[in-house]
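Chemist: Attaching a single structure in structure tokens format; questions to follow.
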Amino acid sequence: MSKSSLADVSLLITKGTTPTSIGGRFTDSGINFIKSESIADSKYLNKEIFGHIDEDTDLKLKRSRLAEGDLLFSIAGAYLGKIGIVRAEDLPANTNQAVGIVRLDKNLVNVDYIYYYFSQPHINKYINKLSSQSSQPNLNLDLLGKLEFDLKDISTQQKIAAVLSALDAKIELNARINAELEQVAKTLYDYWFVQFAPLSFGHPPKYDMETLGNTESQPVVFGGTEGGRKMVWNEALKREIPLGWEVKKLADWIESDKSGDWGKDELEGNYIKKVSCIRGTDINGLNGTDTCNPPTRFILEKNSHKILNSHDLIIEISGGAPKQSTGRLGYITEATLRRFENPLICSNFCKAISLKDKKYLYNFVYHWNMLYDNDVFFGYEGKTSGIKNLLFDSFVNSHWTVVPPRELVDQFYDFMQKIQSQKHTLLLESQTLTELRDWLLPMLMNGQVKVT
């Protein structure tokens with residue numbers, strides 16, 4: 001085994017350009033444009049946050065057109081040192097000046113092997129240390145090309161890459177299944193509680209939980225002896241709703257709230273209660289749609305009442321960004337709690353609430369998320385010292401919503417409990433596989449574990 005540099009085994013090392021700097025422009029669709037945010041904590045790029053440029057702009061940036069198998073390094077900013085692989089499904093694509101492009105000679109090295117080598121945490125720290133020696137906190141192309149790695153024979157590279165890739169493939173499959181489960185749940189909520197579609201068709205869909213297929217329908221009672229087949233105008237909502245359904249303010253759903261806490265990062269004095277603290281950035285992961293690594297904190301024993309219970313909801317009340325409102329929501333179930341070693345609390349930038357009737361949990365979640373997706377909370381934000389704050393009390397005391405009858409809510413709750421059980425089973429499996437991969441990675445690279 002010998003040392004080699006990226007420059008020694010690459011056909012091309014370059015970087016992208018900001019489109020507006022050469023007279024180009026961003027568009028709503030077209031050629032994928034990859035920023036460093038898309039290179040995060042997984043092997044492949046996050047397509048959800050791709051930007052786009054038109055073909056004329058892509059032509060002006062032809063030097064940085066991407067190809068399948070290109071290795072992308074984030075060479076500037078908060079994601080510096082992160083690495084990802086371009087897949088065929090990402091193309092056609094281009095990138096900007098904060099992303100380094102390394103096109104490897106596949107006769108000399110295995111792309112997956114190089115990805116895993118530079119994904120090791122100590123290598124990432126080394127890259128960040130290199131960047132701090134520059135006048136600007138970034139990695140220039142000369143330094144990128146000089147990055148060294150252990151050049152094993154190609155057969156060994158392929159074997160190591162195959163083991164680690166198999167683990168990542170299963171983790172990715174689990175994520176896709178969970179995304180499909182979530183889409184099924186969202187569709188059913190919309191069908192029952194937004195479109196009131198069973199009124200038109202009489203029978204809502206029934207899903208087979210193993211295949212996610214639509215099987216036979218079953219009748220649903222919409223409440224009241226006359227309810228279920230008539231729609232009536234509601235002045236508060238400015239729309240027709242099923243006869244017999246109530247209308248209340250969101251505040252009427254809420255029984256109590258809990259403030260957040262940040263505590264201390266280690267045992268200190270009376271700060272002895274060990275917890276995991278959910279921040280705004282952890283909310284998507286808490287719901288199972290992203291990674292979730294809440295920090296361990298220590299809070300005062302007397303603040304144990306802030307510990308979250310099953311069916312509590314967490315709402316981000318401070319933070320956001322110019323294009324992202326506050327109001328992200330996470331929810332806790334028994335299955336959620338089993339994923340964490342410590343009790344959970346939320347940070348000071350969030351607040352937790354409990355509902356008067358726990359069976360309405362998923363109705364609250366999907367109604368709230370529908371409002372979030374439609375940017376409603378931008379209209380309920382104030383600013384303090386540059387930080388946006390959600391005017392929570394003002395919003396929940398002024399927002400009217402339909403309250404479905406209990407029998408229909410019970411059916412949706414039972415359906416969602418099965419969805420949640422499957423989602424968290426897969427999340428736990430992915431968590432175990434991730435730990436195994438991270439344990440194996442350095443030992444495969446340094447030869448302590450060999451693949452025959």
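The values are calculated or read from the model by the stated rules, or taken from the named source; none is laboratory data. Treat the numbers as computed from the prediction; the structure is a model and nothing was measured. As a convention, Cβ positions derive from the backbone with ideal geometry for all residues, glycine included, and neighbour counts pool all protein chains shown. For the accessible areas, the whole protein counts, side chains as well, though only heavy atoms, and no ligand, DNA or RNA atoms are used. Shrake-Rupley method; radii C 1.70, N 1.55, O 1.52, S 1.80 Å.
Chemist: For W400 and K356, compute 0.36 nm times the residue count separating them, minus their Cα-Cα distance, and round to one decimal in nm.
Modeler: Full extension from W400 to K356 adds 14.2 nm.
Chemist: Using alpha carbons only, how many angstrom separate the centre of region 28-94 from the centre of region 232-274?
Modeler: If you average the Cα positions of each part, the centres end up 39 Å apart.
Chemist: Under Stokes-Einstein, with the Kirkwood radius over Cα pairs standing in for Rh, what whole-number D in µm²/s applies to the chain at 20 °C and 1.002 mPa s?
Modeler: 86 µm²/s
Chemist: Report P(r) for region 1-150: all Cα-Cα distances, bin width 5 Å, range 0 to the bin holding the largest distance, values in whole percent.
Modeler: All Cα pairs, binned at 5 Å, distribute as 2, 10, 20, 23, 21, 13, 7, 3, 0, 0 percent.
Chemist: With each run of n ≥ 4 DSSP H residues scored as -39500 (n - 2.57), what mean residue ellipticity at 222 nm is computed for the chain after dividing by its residue count and rounding to the nearest 500 deg cm²/dmol?
Modeler: It lands at -10000 deg cm²/dmol.
Chemist: Mind listing the phi-derived Karplus ³J(HN,Hα) values for region 418-433, rounded to whole Hz, using 6.51, -1.76 and 1.60 with θ = phi - 60°, and x for any glycine or proline?
Modeler: With the stated coefficients, region 418-433 comes to 5, 4, 4, 4, 5, 4, 6, 4, 5, 5, 5, 4, 5, 4, 5, 5 Hz.
Chemist: If you place +1 on the Cβ of every Lys and Arg and -1 on the Cβ of every Asp and Glu, how big does the dipole about the Cα centre of the chain come out, in debye to the nearest 20?
Modeler: 760 debye
Chemist: Taking the Cα centre of region 21-173 as origin, work out the dipole magnitude from +1 charges on Lys and Arg Cβ and -1 charges on Asp and Glu Cβ, in debye rounded to 20.
Modeler: 380 debye
Chemist: Let me test this: with uniform point scatterers at the alpha carbons of region 231-282, what is the Debye-based log₁₀ I(q)/I(0) at q = 0.31 1/Å?
Modeler: Scattering profile of region 231-282, log10 relative to I(0): -1.22.
Chemist: Let me check against my output: what whole-number percent is the relative contact order of the chain, with C-alpha pairs under 8 Å and at least 6 apart?
Modeler: For the chain, the relative contact order is 14 percent.
Chemist: Per residue of region 151-160, in order, report the coupling 6.51 cos²θ - 1.76 cosθ + 1.60 (Karplus, θ = phi - 60°) as ³J(HN,Hα) in whole Hz, putting x for Gly and Pro.
Modeler: 8, 8, 5, 4, 5, 5, 4, 5, 5, 4
Chemist: Between H122, G23, N96, whose Cα lies farthest towards the positive end of the dipole of the chain when Lys and Arg beta carbons carry +1 and Asp and Glu beta carbons carry -1, centred on the Cα centre?
Modeler: H122
Chemist: Right, here's the next one. For a test of the definition: using alpha carbon positions, the gyration tensor, and the 1.5 limit on a/c, classify region 319-452 as rounded, prolate or oblate.
Modeler: It is oblate, given that a/c is not under 1.5 and a/b is not larger than b/c.
Chemist: Return the unpartnered cysteines for the chain, using a Cβ-Cβ cut-off of under 4.7 Å.
Modeler: C277, C292
Chemist: Towards the positive end of the charge dipole of the chain, with charges on Cβ (+1 Lys, Arg; -1 Asp, Glu), say which of M231, C346, F377 has the farthest Cα.
Modeler: Ranked along the dipole, the leading option is C346.
Chemist: I'd like the accessible area for L300, computed on protein heavy atoms only with a 1.4 Å probe and all protein chains in place. Round to 10 Å², please.
Modeler: 30 Å²
Chemist: Give me the distance in nm between label points sitting 7 Å out from Cα along the Cα-to-Cβ direction at L108 and L12, one decimal.
Modeler: Taking the two extended label points, one gets 1.6 nm.
Chemist: First compute the accessible area of region 6-164 with a 1.4 Å probe, then give the percent of it belonging to carbon and sulfur atoms.
Modeler: 49 percent
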